[in-house]
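Single-structure report; data block below.
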Amino acid sequence: MNAHPSLDKTKPYYQCQRCGNCCRWPGDVNVTAEEVTTIAAYVGMPEEDFIRDCTRLNANRTGLSIIDKPNGECLFLEGVNSCRIQKVKPVQCAGFPNVWNFPGWREKCEAIEV
Ligand code: SF4
Ligand code: SF4
């Protein structure tokens with residue numbers, strides 16, 4: 001039986017199928033200052049090193065994004081669908097697709113409506 005974690009039960013809830021597609025498509029993976037501190041500690045890096053080596057300015061220059069690998073996928077994606085920082089992943093990652101999404105997201109995301 002599937003739980004319905006959304007507080008608003010009038011809205012559909014999309015349950016992630018862990019396809020990993022959202023970790024592969026282009027764009028920012030925004031991280032807040034607090035998330036930088038948390039993720040840096042989680043991966044065992046000094047914060048300054050983490051900012052230098054694992055982040056870049058986001059597209060609208062309002063903050064930091066996790067960098068992409070040369071193939072375009074998120075730096076922390078391991079294999080097809082495993083997030084190296086799953087336990088401390090950014091709110092942006094956790095919020096997709098229920099908290100935020102974009103036009104056409106259903107074509108790329110394999111989450112199922114429950
Ligand atoms: S931080 Fe993890 S969940 Fe977020 S895009 Fe990167 S690999 Fe995916
Ligand atoms: S694209 Fe959708 S189903 Fe695939 S991992 Fe991301 S949220 Fe989950």
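None of the figures in this text is laboratory data; all of them are computed from the coordinates on show. It should be emphasised that the depicted structure is a prediction, and the values quoted were computed from it without experimental measurement. Neighbour counts are summed over all protein chains in view; Cβ atoms, including those assigned to glycine, are modelled from backbone coordinates with ideal geometry.
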List the lysines whose Cα sits under 22 Å from the Cα of LYS11, skipping any in the same chain fewer than 8 residues away.
LYS108
Sequence gap at least 6, Cα distance under 8 Å: using those rules, report the relative contact order of the range 14-113 to the nearest whole percent.
43
Tally Lys and Arg at +1 and Asp and Glu at -1 over the other residues with C-beta under 14 Å from the C-beta of MET45: what net charge comes out?
-3
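What are the semi-axes of the equivalent ellipsoid of the range 54-114, taken as the square roots of 5 times the eigenvalues of the Cα gyration tensor, listed largest first and rounded to whole Å?
Details: eigenvalues 86, 50, 31 Å².
Largest first, the range 54-114 gives 21, 16, 12 Å.
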Once every DSSP H run of n ≥ 4 in the chain is given -39500 (n - 2.57) and the sum is divided by its residues, what mean residue ellipticity at 222 nm do you get, rounded to the nearest 500 deg cm²/dmol?
-5500 deg cm²/dmol
Roughly speaking, what is the stretch gain from VAL114 to LEU57, that is 0.36 nm per residue apart minus the C-alpha to C-alpha distance, in nm to one decimal?
16.9 nm
Calculated over the chain: convex hull of Cα atoms, volume per residue (Å³)
130
